[in-house]
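Enquirer: Dropping the structure in here first, questions after.
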Amino acid sequence: MESACDYTFRETRAMDKKVSANKPERDVVKAATQSDLHDPETMPSEIAFIQSPTSSCNLESLPISSALPSHDVMSRSWSLVRPLLAGLVLTALQLMMAVGLLAPEGPGSYRYSTLIQHDSYWFKNIVDRGYQTIVPPINQKMEVSNVAFFPAYPAIAALLRRGLNIDTGNALLITAQLAAWGFWSYFFLLCRRWRISPVLQVCGALLIVAHPAAFFLIAGYSESLFLMALLGFIYWSGAEGRAAKICAALHGIVMSATRIVGVVCAAFPVVHAVCTKGWKGLREPRAWFRQYGPAIGLMIAATLGALGFFLYCQLRWGRWDIYMLTQAAGWGIVPDYFAVFKPSSYRWLIPALNNPTEVSQMSMTLGALLFVGIALCELLPPIRRRTGLPMRVGIYFCAAATYYVSVSGVACVAMESMLRYEFCVHALIVLALLNYLRQFHTPPMFVRVLGIAAVALVSAAGLSVQGWYVWNFTRGNWIA
């Protein structure tokens, strides 16, 4: 007969064996739990599930497991919606300032229509009549020769006019203002991708919106469409996947179909790729296609907007360069490709506020000084930063191309309209500057306060000048 001591001893050994057999499983669960707790990307629901492995129906963990992923999706969705919302707010504020505060007295529709001035009438003529000209074109007669602007802006406005059954002026304004929203949205999306602090984003947006010519974003001009397409081209060029490349190509086509300088800016992917992979790759021409093939293909696709326009002109009038001929006949534009290198092109005297030509001349000089400041920041060893340099070089390239082509075109007319063209350069430089500044550690409090105060002072001065220009522009006076 088995004694109570023997029975107890045998049961104890059996329990020890069972515990030993289950010990590896518990160790695995414990190790997984500890490692997941230290992994920031692990979902809390997964941690909760591991911590309760013995329950096949854990009622406490199920609500948490199902709720947290939806919360994460909502957070990601909000992070994407926030740039769009910020862009919409800025566009609305610009409209409120121009239409609500500075436009001439009258009904709301009339105040709104005063944003159609000067070049806007050329776009209206193109939308209403299509492209018309004689060969050769004649002097500033839009009823006879109106092939003086690239087709993207009037073409989109024409589609909007037919789709919404609205008049041409409103179609042009809505197109420009939707493009302005797109420009600001891409600005904040790029800031989000680069993880720029909210304070820097606000300062950068203020520096752009306070430029004296920033109101052209919401007027009946093509500045907003060009900037939206350019920033969209930059944004999608830096994303992975076939869909992103298609979006980049579409933005590039619109860009080159809006401004002739878009043909040069289409080289952004190639410049970025060369800077990323290093200059040594250029020494091996046989490897160019393998290394830079996708970037070159995207560049070619982006130029199709301008190439399509030139092909249309060739097939219809037998002159692919009818746009250049119209510019020369209507405004006497004869490009001077050495104007940037001539000291006589620069003006150093403070311009009169009511003299748009002098202001445009001064803006050309300030644009050159901005490029000099950029070169110092990027080349001086104490403050030089390499992170993100290929992206910044690509943006600098687009800014320099826009500046060079604009100066070359308006040098023969005393830099007229350079204030408006320089605004596009200014927006690109501010964007690149934010990418540069994000690499520095948080400065001391007094440095931050000083910087914010400087931005506020410059913005207040710029908005004051812009208000004066909007007041004049909406009353039909020439600004740029």
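Enquirer: Over what distance in Å are the Cα centres of the stretch 309-362 and the stretch 161-183 separated?
Expert: 27
Enquirer: Could you work out how far apart the two model spin labels at PHE440 and LEU85 are, taking each label as a point 7 Å from the Cα in the direction of the beta carbon, and quote it in nm?
Expert: 3.1
Enquirer: How many nm separate the modelled label positions at VAL447 and LEU315, each set 7 Å beyond the Cα in the direction of the Cβ?
Expert: 5.9
Enquirer: Run the 1.4 Å probe and let me know the accessible area of SER345, rounded to the nearest 10 Å².
Expert: 10
Enquirer: Once the Cβ-Cβ distance between ILE300 and PHE371 is put in as r, and R0 is 35 Å, what FRET efficiency do you end up with, to the nearest 0.05?
Expert: In this case the efficiency is close to 0.80.
Enquirer: Accessible area of MET228, 1.4 Å probe, to the nearest 10 Å²?
Expert: Spelled out: MET228, probe radius 1.4 Å, area about 40 Å².
Enquirer: Related question: Fully extended, how many nm does the chain gain between TRP288 and SER77 (0.36 nm per residue separation, minus their Cα-Cα distance)?
Expert: Full-extension gain reported as 72.0 nm.
Enquirer: Over what distance in Å are the Cα centres of the stretch 401-429 and the stretch 235-271 separated?
Expert: The stretch 401-429 and the stretch 235-271 have Cα centres spaced 21 Å from each other.
Enquirer: Express in Å², to the nearest 10, the accessible area of HIS118 obtained by rolling a 1.4 Å probe over the protein heavy atoms while all chains stay in place.
Expert: 50
The values are calculated or read from the model by the stated rules, or taken from the named source; none is laboratory data. Just so we're clear, the structure is a prediction, and the values are computed from it rather than from any experiment. Cβ atoms come from the backbone with ideal geometry, glycine included; neighbour counts cover every protein chain shown. Heavy atoms of the whole protein, side chains included, go into the accessibility calculation; ligands, DNA and RNA do not. Shrake-Rupley method; radii C 1.70, N 1.55, O 1.52, S 1.80 Å.
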